[in-house]
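Student: Sharing a structure here in structure tokens format.
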Amino acid sequence: MKPTTAEGTRDFTPEQVLKRNYIFDTIRSVFVKYGYLPIETPAMENLSTLSGKYGEEGDRLLFKILNNGEYLKGIKPADIEAQAYKALTPALAKRGLRYDLTVPFARFVVMHQNEISFPFKRYQIQPVWRADRPQKGRYREFYQCDVDVVGSTSLVYEAELVQIYDEVFSKLNLPVVIKFNNRKILTGIAEVAGIPELMVDMTVAIDKLDKIGLDGVKKEMADRGIGEAAVEKITQILAIQSLEELESALSASETGKLGIQEIQTMLQFLNSSPLQQEVQFDITLARGLNYYTGCIFEVQAKGVTMGSIGGGGRYDNLTEVFGLKDVSGVGVSFGAERIYDVLESLQLFPNDNSSSLKVLFIVLNEEAQLYAFKALKKLRDAGVNSEMYPEPAKFDKQIKYAQKRQVPFVIIVDTDELQSGLLRFRDLTSNQVEKLNLEEIIAKTQAL
RNA sequence: GUGAUUGUAGCUCAGUUGGUUAGAGCACCAGAUUGUGGUUCUGGGGGUCGCCGGUUCGAACCCGGUCAUUCACCCCA
């Protein structure tokens with residue numbers, strides 16, 4: 001049989017892993033600097049923990065794990081006959097793969113509430129799984145890098161998370177737009193338009209503004225059952241440019257006004273120090289996950305066509321379903337796979353060879369091999385990344401291997417070298433050969 | 001979930017209206033050549049044409065299914 005990876009999953013070559021680690025390391029270093037602590041949670045969760053947290057669409061995309069043993073025990077034939085998946089799923093699968101890191105984190109907070117002190121700041125870099133059809137920038141297994149703080153309603157944290165976004169993407173040399181909005185403003189718009197119960201439908205529609213245009217949004221809202229007068233009112237509000245105007249437009253909605261206040265407070269904190277990336281209020285930003293209740297964020301890379309490479313927001317009630325009330329949280333996520341794809345297409349990965357091989361011994365007979373093996377250990381003890389060709393093969397073969405490994409230097413050991421103790425140290429980029437003893441070579445390569 | 005797309009050697013790809021033993025370049029292996037050695041030449045190994053089934057005297061080619069790829073929608077990181 002011909003082996004393949006499962007749909008939507010990938011292997012990573014050494015080169016790719018090194019690049020991915022560069023992203024993870026950059027992100028992690030900023031998280032740590034801002035005082036966040038690492039946690040990890042299991043790849044699988046009880047399905048009851050995950051179900052119902054991501055909306056109907058999310059439930060459909062959850063990977064379920066078939067129960068072990070006699071998993072048909074207790075299944076009603078009638079349910080199978082009727083194809084009653086809703087009833088069958090919990091009986092067939094008790095567990096599922098995590099869909100994101102936020103819900104498992106909420107579970108973690110509830111379970112460990114007596115051990116952690118609030119506000120609790122944690123970061124988590126782990127893979128998540130979604131049974132989505134793969135396409136550009138979308139995989140079935142991908143890493144998320146989450147930072148969240150729970151147990152405080154302070155808008156300082158909203159500002160801090162924007163700073164984290166700003167710092168990470170600046171470190172990665174990647175120009176982005178950090179967009180923000182507030183769910184309370186969207187609620188306010190729905191209230192002012194007289195359709196508070198259709199708020200979700202409204203946001204789904206206006207989220208597509210830049211994709212389908214204003215007419216498309218109007219049509220979508222109408223299709224979703226929003227009346228003509230309300231559509232007109234919403235369209236008017238969407239045209240508003242300044243927060244001041246928006247405030248007066250939403251004056252009839254307490255929630256809407258609160259949302260504007262929150263944004264103003266956050267901006268006040270943000271304005272205290274300069275940011276390198278563009279930060280932009282976007283009234284059309286909605287975000288799918290319906291647990292957000294306050295500020296919401298989304299990051300888009302400039303100069304490439306790619307979905308958002310990060311997102312997040314404040315959620316007031318996430319731990320409530322697990323029995324812990326009044327713990328507000330706010331957090332953002334970095335989409336490592338998409339950041340990778342963007343950095344690759346913009347050629348922004350640095351040429352960092354610090355962890356790569358520096359020296360390769362080329363040995364031309366067995367005696368030389370023994371000699372080189374001993375010298376190799378000395379070189380390694382001196383902290384020089386080095387290797388030896390495993391057998392005294394033809395010179396051609398060995399030097400081709402060196403080229404493939406992109407080693408900058410080779411040390412050639414043959415009978416002459418054994419007698420004189422002077423090794424042929426060759427720079428493969430300039431092709432210069434120097435005859436040096438081992439100590440000189442160590443001194444030279446250590447400095448690289 | 002809906003609709004397309006592609007799948008031939010390790011890699012990149014040819015392969016005629018369905019017709020004998022499926023090809024090239026690169027890579028790999030061997031020999032020669034080269035000795036401040038990476039060149040060049042010659043030869044060689046390697047494919048159940050993704051998989052299963054069907055149509056046909058005959059299938060890489062046509063049809064169905066399936067697995068995987070890429071892409072759009074939906075949704076999302």
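The values are calculated or read from the model by the stated rules, or taken from the named source; none is laboratory data. These numbers were taken from a predicted model, which means no experiment stands behind them. In this analysis, Cβ positions are derived from the backbone assuming ideal geometry, glycine residues included, and neighbour counts consider all displayed protein chains. Areas reflect the complete protein model, heavy atoms only, side chains present, ligands, DNA and RNA absent. Shrake-Rupley method; radii C 1.70, N 1.55, O 1.52, S 1.80 Å.
Student: Keeping to the range A:274-304, report how many residues are assigned to a loop (DSSP other than H, G, I, E, B), open to solvent by 50 Å² or more (accessible area, probe 1.4 Å) and more than 9 Å from RNA strand B (Cβ to nearest atom). Before you say what the answer is, go through the steps one by one.
Tutor: Taking the range A:274-304 as the starting set, the residues that turn out to be assigned to a loop (DSSP other than H, G, I, E, B) are A:274-277, A:282-294, A:302-304.
If we keep only those that are open to solvent by 50 Å² or more (accessible area, probe 1.4 Å) as well, we get A:274-276, A:288, A:290, A:302-303.
Now restrict to residues that are more than 9 Å from RNA strand B (Cβ to nearest atom): A:274-276, A:302-303.
Going through the range A:274-304 one residue at a time, the tally reaches 5.
Student: Right, next: Starting from residues that are among the small types (G, A, S) and not in a helix (DSSP H, G or I), keep the ones in the range A:216-243 and report whichever is surrounded by the most Cβ atoms within 10 Å (Cβ to Cβ).
Tutor: A:G227
Student: Checking A:A106 against (1) open to solvent by less than 10 Å² (accessible area, probe 1.4 Å); (2) within 13 Å of RNA strand B (Cβ to nearest atom); (3) assigned to a helix (DSSP H, G or I): exactly one of these is not met. Which one?
Tutor: With respect to (1) open to solvent by less than 10 Å² (accessible area, probe 1.4 Å); (2) within 13 Å of RNA strand B (Cβ to nearest atom); (3) assigned to a helix (DSSP H, G or I), A:A106 is out only on (2).
Student: Still on this structure, please answer the following. Given the residues A:G96, A:G58, A:G35, which is the only one that is of a type in the set (G, A, S), touching a residue at least 12 places away in the same chain (Cβ under 8 Å), open to solvent by less than 70 Å² (accessible area, probe 1.4 Å) and farther than 30 Å from A:V168 by Cα? Show your work before the answer.
Tutor: Working: A:G58 fails: farther than 30 Å from A:V168 by Cα; A:G35 fails: farther than 30 Å from A:V168 by Cα.
That would be A:G96, the only listed residue that is of a type in the set (G, A, S), touching a residue at least 12 places away in the same chain (Cβ under 8 Å), open to solvent by less than 70 Å² (accessible area, probe 1.4 Å) and farther than 30 Å from A:V168 by Cα.
Student: Please count how many residues of the range A:54-84 are in a loop (DSSP other than H, G, I, E, B) and at pLDDT below 90.
Tutor: Summing the residues that are in a loop (DSSP other than H, G, I, E, B) and at pLDDT below 90 in the range A:54-84 gives 15.
Student: With the condition kept exactly as written, say whether any residue in the range A:261-269 is within 30 Å of A:S170 (Cα to Cα), assigned to a helix (DSSP H, G or I) and in contact with an Asp or Glu (Cβ under 6 Å, 6 or more places away or on another chain).
Tutor: yes
Student: Can you tell me which residues in the range A:1-43 are over 17 Å from the mean Cα position of the chain (by Cα) and modelled with pLDDT under 95?
Tutor: A:M1, A:K2, A:P3, A:T4, A:T5, A:A6, A:E7, A:D11, A:T13, A:P14, A:E15
Student: While we're looking at this one, here's another question. Would you confirm whether or not the range A:120-140 contains a residue that is assigned to a helix (DSSP H, G or I), within 15 Å of RNA strand B (Cβ to nearest atom), crowded, with 20+ Cβ neighbours inside 10 Å and in the same structural domain as A:Y165 (by TED's automatic domain parsing)? Quick ask: steps written out before the conclusion?
Tutor: Pass one, the range A:120-140, residues assigned to a helix (DSSP H, G or I): none.
No.
Student: Still on this model: Pull up the range A:421-434, narrow it to residues that are surrounded by 13 or more Cβ atoms within 10 Å (Cβ to Cβ) and more than 11 Å from RNA strand B (Cβ to nearest atom), then point me to the one that is nearest to A:N351 (Cα to Cα).
Tutor: A:F425
Student: Name, by its number, the condition in (1) open to solvent by 70 Å² or more (accessible area, probe 1.4 Å); (2) assigned to a helix (DSSP H, G or I) that does not hold for A:A87.
Tutor: That leaves (1) as the condition not met.
Student: Does A:K184 satisfy the criteria of being of a type in the set (K, R) and either within 30 Å of A:R28 (Cα to Cα) or within 12 Å of RNA strand B (Cβ to nearest atom) (or both)?
Tutor: No, not satisfied.
Student: Same structure, new question: Against the conditions (1) among the charged types (D, E, K, R); (2) out of contact with any helix residue (DSSP H, G or I) (no Cβ under 9 Å at 6 or more places or on another chain); (3) more than 17 Å from A:I240 (Cβ to Cβ), where does A:K179 fall short? Just the number, please.
Tutor: Only one criterion in (1) among the charged types (D, E, K, R); (2) out of contact with any helix residue (DSSP H, G or I) (no Cβ under 9 Å at 6 or more places or on another chain); (3) more than 17 Å from A:I240 (Cβ to Cβ) is unmet by A:K179, namely (3).
Student: While we're here: Out of A:A205, A:A193, A:A252, A:A239, report the one residue that is modelled with pLDDT of 85 or more and farther than 25 Å from A:Q280 by Cβ.
Tutor: Of A:A205, A:A193, A:A252, A:A239, the one residue that is modelled with pLDDT of 85 or more and farther than 25 Å from A:Q280 by Cβ is A:A252.
Student: Of all residues being closer than 14 Å to A:F120 by Cα and in a loop (DSSP other than H, G, I, E, B) in the range A:141-160, which is most open to solvent (accessible area, probe 1.4 Å)? Just the residue, please.
Tutor: Only one residue tops the list, namely A:T153.
Student: Could you pull out every one of the helices (runs of 4 or more DSSP H) wholly within the range A:305-420 that has 3 or more residues that are away from RNA strand B (no atom under 15 Å from the Cβ), free of Cβ contacts under 8 Å to residues at least 40 places away in the same chain and open to solvent by 10 Å² or more (accessible area, probe 1.4 Å)? First the steps, then the outcome.
Tutor: Details: elements: A:336-345, A:366-381, A:395-404, A:415-420.
Correct list: A:366-381.
Rundown of residues vs (1) touching a residue at least 24 places away in the same chain (Cβ under 8 Å); (2) out of contact with any strand residue (DSSP E or B) (no Cβ under 9 Å at 6 or more places or on another chain), yes/no style:
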residue	(1), (2)
A:A239	no, yes
A:E245	no, yes
A:A252	yes, yes
A:K257	yes, yes
A:E262	yes, no
A:F269	yes, yes
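Student: Ok, one more. Looking at the range A:6-18, which of its residues are within 13 Å of RNA strand B (Cβ to nearest atom), surrounded by fewer than 10 Cβ atoms within 10 Å (Cβ to Cβ) and farther than 9 Å from A:E141 by Cβ?
Tutor: Matches in the range A:6-18: A:D11, A:T13.
Student: Does A:E167 fit the bill of being in contact with a strand residue (DSSP E or B) (Cβ under 6 Å, 6 or more places away or on another chain), part of a helix (DSSP H, G or I), of a type in the set (D, E) and in contact (Cβ under 8 Å) with a residue 24 or more places away in the chain?
Tutor: So A:E167 does not fit the description; no.
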